[in-house]
Amino acid sequence: QFGGPWTLEKLDILESYLAAYTTALHDKFELYYIDAFAGSGSCRFKHKAPTLPFGMDSDAVQSFYDGSVRIALKTNPPFNRYIFIETNQECRNQLEKTFTEFPQLSDRIALFSGDANKILLNISRIQWRKRRCRGVVFLDPYSMEVSWKTLEAIAATQAMDLWFLFPIGAVNRLLERSGNISDSWKNKLNDVFGCRDWQKRFYTSDSPQMSLIEHHHKITKTANIDTIKDYILERLSSTFAGVAPNPKLLYNSKNSPIFLFCFAIGNPDPKATGLALKLARYILGKHG
């Protein structure tokens, strides 16, 4: 039951892109869809309803929606291959049941269990372009599970479009105002951003050589949601051939920003990059 209206907005963006993507490319390439944090295949949210028939309890109402797995499997024209990754056994069991609803796609579906980062690191070893393969990777972590090395591997394929739910709220929470960040948190941020430059971008110090280790200097947090957003877009642009400039900031029920839904493309061909970015910008713009 994790999620809310922002989840549906994210999925609507993904659904719109997948439909346009397969329509444009299904007769030109072998198309892959890769979902690295697949979940159970459906979304379930509790909500209140002011009036319900037959004396139903308004506090117990639940709505069910298609998750990214069902959305991908319902996409028409279909993908040639579907790769789903999920560590939770209960979710995998539910996914197996979901797959039976799509018997026409049974020979196209693969379900993997394990660390999504480790599994995805292998995709850069496949010669996707020589095999005339293209694909969409959907990274929808719960928080900060995605390593920057994984993003580099996806970009290195030069064949994958990426939709990435970046955990901007979690990152902002780790950036302590005092700059007194534990080693474990610093290591996590280094892994998420793929570098250490974030320290100088998100803090200022009265020391000419700012270091978050030297706490005898006065350190001030200058980062906010906008600066973190600008920084992750810069990092993605340094790795991918193209990045949509208008990612969607998603808010929870308390109106706090929690995720930034980003689009990037690894294909360096100017025509392919231009078309993908035009489509992604348009879809994101509708949700702006």
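The values are calculated or read from the model by the stated rules, or taken from the named source; none is laboratory data. All of these numbers come straight from a predicted model, not from anything done at the bench. Here the Cβ positions follow ideal geometry from the backbone for every residue, glycine too, while neighbour counts run over all protein chains shown. To get the accessible areas, we keep the full protein, side chains included, count just its heavy atoms, and leave off ligands, DNA and RNA. Shrake-Rupley method; radii C 1.70, N 1.55, O 1.52, S 1.80 Å.
With volume of the Cα convex hull per residue in Å³ in mind, check (i) 201; (ii) 167; (iii) 157 and report the label derived from this structure.
(iii)
For the pair N76/D27, report the inter-label distance in nm, with labels modelled 7 Å from Cα in the Cβ direction.
According to this spin-label approximation, the distance is 1.7 nm.
Rounding to the nearest 20 debye, state how big the charge dipole of the chain is about its Cα centre with +1 on each Lys and Arg Cβ and -1 on each Asp and Glu Cβ.
Computed charge dipole of the chain: roughly 580 debye.
Just to confirm the number: angle between the C-alpha axis of helix 225-237 and the first principal axis of the chain, 0 to 90 degrees, nearest 10?
70 degrees
State which stretch of the chain is the longest one without any exposed chymotrypsin sites (Phe, Trp or Tyr not before Pro), exposure meaning a DSSP loop state and at most 15 other Cβ atoms within 10 Å.
Longest site-free region, per DSSP loop and neighbour criteria: 143-288.
What's the FRET efficiency of T204 with Q104 using the Cβ-Cβ distance as r and R₀ = 45 Å, to the nearest 0.05?
Efficiency at R0 = 45 Å is approximately 0.20.
With an 8 Å cut-off on Cα pairs and a minimum separation of 6 or more residues, tell me the relative contact order of the chain in percent.
Contact order relative to length: 18 percent.
Per residue, how large is the accessible surface of the chain? Use a 1.4 angstrom probe and give square angstrom.
50 Å²
Could you work out what % of the accessible surface of the stretch 87-166 is carbon and sulfur, using a 1.4 angstrom probe and leaving DNA, RNA and ligands out of the count?
46 percent
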